[in-house]
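Below: the structure, in structure tokens.
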Amino acid sequence: MKQKIKEYLASRIVRKGKNRKMSLEYLELKHVEPGQRSFNDSSYFGGFSRDGFSIVMRQSFRVDKPNENWLKIHIPGEGVWGF
């Protein structure tokens with residue numbers, strides 16, 4: 001059931017993305033809004049395997065705070081590791 005929900009949501013997101021109003025080139029640019037307090041431009045990356053391993057990474061560029069990078073790895077039987 002959980003997998004079916006993930007597949008359904010993923011397909012909806014992909015279909016909706018085809019109607020985007022901004023170009024991919026624009027979306028790939030680093031966005032900065034110096035006048036907006038606590039603004040950040042974040043990118044997330046994830047990978048998941050059928051046998052339960054997963055990895056999620058985040059890179060965040062901030063205006064008025066330090067940039068942030070993190071990595072979380074889930075290893076079945078070992079737990080979640082974060083850096």
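Which value, in debye to the nearest 20, describes the size of the charge dipole of the stretch 3-72 about its Cα centre when Lys and Arg Cβ atoms bear +1, Asp and Glu Cβ atoms bear -1, and nothing else is charged?
Numbers: 15 positive and 8 negative charges, 86 e Å.
Around 420 debye, computed over the stretch 3-72.
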Task: Zero-based 5 Å bins, Cα pair distances in the chain, whole percents - done: 3, 11, 13, 17, 18, 17, 13, 6, 2, 0
Task: From phi via Karplus (6.51, -1.76, 1.60), per-residue ³J(HN,Hα) for the stretch 57-69 in Hz, x at Gly/Pro - done: 10, 9, 10, 10, 9, 10, 8, 10, 9, x, 4, 10, 9
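Averaged per residue, what accessible area in Å² does the chain show with a 1.4 Å probe, protein chains only?
Working: 7440 Å² over 83 residues.
Here the per-residue accessible area is 90 Å².
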Task: Farthest toward positive dipole pole in the stretch 21-83 [+1 Lys/Arg, -1 Asp/Glu at C-beta], among 52, 40, 70 - done: 40
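Roughly speaking, to the nearest percent, how much of the chain's 1.4 Å accessible area is carbon and sulfur? Don't jump to the answer; show the numbers that get you there.
Working: 4310 of 7440 Å².
Solvent-exposed carbon and sulfur of the chain make up 58 percent of the total.
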Task: Gaussian network model of the chain, Cα within-10 Å springs - most flexible of 63, 32, 14 - done: 14
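Scan the chain for GluC sites (Glu not before Pro) in coil per DSSP, keeping those whose Cβ has at most 12 other Cβ atoms within 10 Å, and list them by number. Mind showing how you got there, number by number?
Values: sites: 7, 25, 28, 68, 78; in loops: 78.
When the GluC sites (Glu not before Pro) of the chain are filtered for loop state and at most 12 Cβ neighbours within 10 Å, 78 remain.
The values are calculated or read from the model by the stated rules, or taken from the named source; none is laboratory data. All values reported here derive from a predicted model rather than from experimental measurement. Reconstructed Cβ throughout: ideal geometry from the backbone, glycine too, with neighbour counts over all protein chains shown. Accessible surface areas use protein heavy atoms only, side chains included; no ligands, DNA or RNA. Shrake-Rupley method; radii C 1.70, N 1.55, O 1.52, S 1.80 Å.
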